[in-house]
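Here's the structure, in structure tokens; my notes come after.
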Amino acid sequence: NAGVTQTPKFQVLKTGQSMTLQCAQDMNHNSMYWYRQDPGMGLRLIYYSASEGTTDKGEVPNGYNVSRLNKREFSLRLESAAPSQTSVYFCASNSQGAYGNEQFFGPGTRLTVL
Amino acid sequence: DAKTTQPNSMESNEEEPVHLPCNHSTISGTDYIHWYRQLPSQGPEYVIHGLTSNVNNRMASLAIAEDRKSSTLILHRATLRDAAVYYCILREYNQGGKLIFGQGTELSVKP
């Protein structure tokens, strides 16, 4: 099993450009999440999908959209990138949305917006 | 969301036990206590979780106070590979399983 994979690993954008971060998991998990981590800070939840066909806002959803394409894939889109969105983005998944179960994280995408 | 409070940093010597404290005085009855750690330049990884009773696994032990307002992550013999930021997180029941990260404790391990 590859676990949680993210593409790309690195990306540099100019202000106003758009891009989509891809995430996939091969563990047949129901729930998937997108977090961002700014330097020296803990992770902050952007959006999550408790099950296929549902998405919900997290702590910092402004400037982002998400799509739960199928059970395996959960993408994060920046429509018009801003320098404040320079961050490391982590995707995660777990088998149950409710409680108790371990969450698996991808290796992250390092995004710089100039 | 219930909050947790952890020391910003701690130091340990290699092969000695480490006790990482966490306060969560506003914990609710259905909140699970989770610990994750993040090694440099990596995504977080699960360490352990519990509800009321103390828990042990191959990585660590979790000691939960009787009133559940605090907990302690115990690494029995610290290694250099355990140097990481450790996050204590309260995970709400039936709220999509989301994790709300705080600042965490940065653990350094000296040889």
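The values are calculated or read from the model by the stated rules, or taken from the named source; none is laboratory data. Since this is a predicted model, take the numbers as computed values, not measurements. Glycine gets a Cβ as well: all are built from the backbone with ideal geometry, and neighbour counts include every protein chain shown. Surface accessibility is based on the protein's heavy atoms, side chains included, excluding ligands, DNA and RNA. Shrake-Rupley method; radii C 1.70, N 1.55, O 1.52, S 1.80 Å.
Please go through region A:55-114 and give me each residue that is under 17 Å from A:Val12 (Cα atoms), within 14 Å of chain B (Cβ to nearest Cβ) and buried (at least 20 other Cβ atoms within 10 Å of the Cβ), ordered by number. A:Ser87, A:Tyr89, A:Phe90, A:Gly108, A:Thr109 - these are the residues of region A:55-114 that are under 17 Å from A:Val12 (Cα atoms), within 14 Å of chain B (Cβ to nearest Cβ) and buried (at least 20 other Cβ atoms within 10 Å of the Cβ). With closer than 13 Å to B:Leu107 by Cβ and under 13 Å from the mean Cα position of the chain (by Cα) as the only criterion, which of B:Asn8, B:Asn23 stands out? Among B:Asn8, B:Asn23, only B:Asn8 is closer than 13 Å to B:Leu107 by Cβ and under 13 Å from the mean Cα position of the chain (by Cα).
For A:Tyr35, indicate whether it is within 12 Å of chain B (Cβ to nearest Cβ), open to solvent by less than 20 Å² (accessible area, probe 1.4 Å) and either at pLDDT 95 or above or in contact with a helix residue (DSSP H, G or I) (Cβ under 9 Å, 6 or more places away or on another chain) (or both). In short, yes. A single entry from A:Leu13, A:Leu45 fulfils the requirement of being modelled with pLDDT of 95 or more, open to solvent by less than 40 Å² (accessible area, probe 1.4 Å) and among the aliphatic types (A, V, I, L, M): A:Leu13. Answer yes or no as to whether A:Ala50 is open to solvent by 20 Å² or more (accessible area, probe 1.4 Å) and free of Cβ contacts under 8 Å to residues at least 60 places away in the same chain. Spelling it out, A:Ala50 is indeed open to solvent by 20 Å² or more (accessible area, probe 1.4 Å) and free of Cβ contacts under 8 Å to residues at least 60 places away in the same chain.
Residue count for region B:6-31 satisfying the condition of being of a type in the set (S, T, N, Q), open to solvent by 70 Å² or more (accessible area, probe 1.4 Å) and assigned to a loop (DSSP other than H, G, I, E, B): 4.
When B:Leu90, B:Leu62, B:Leu73 are screened for being under 16 Å from B:His24 (Cβ atoms) and modelled with pLDDT under 95, only B:Leu90 passes. Condition test on B:Tyr87, is it open to solvent by less than 20 Å² (accessible area, probe 1.4 Å), under 22 Å from A:Arg44 (Cα atoms) and touching a strand residue (DSSP E or B) at 6+ places or on another chain (Cβ under 8 Å)? Yes; evaluated as a whole, the condition is true for this residue. Scanning region A:9-40 for residues that are within 10 Å of the chain's Cα centre (by Cα) and among the acidic types (Asp, Glu) yields a total of 0. Of all the criteria given as (1) closer than 18 Å to B:Ser108 by Cβ; (2) part of a strand (DSSP E or B); (3) among the polar types (S, T, N, Q), the one not satisfied by B:Ser41 is (2).
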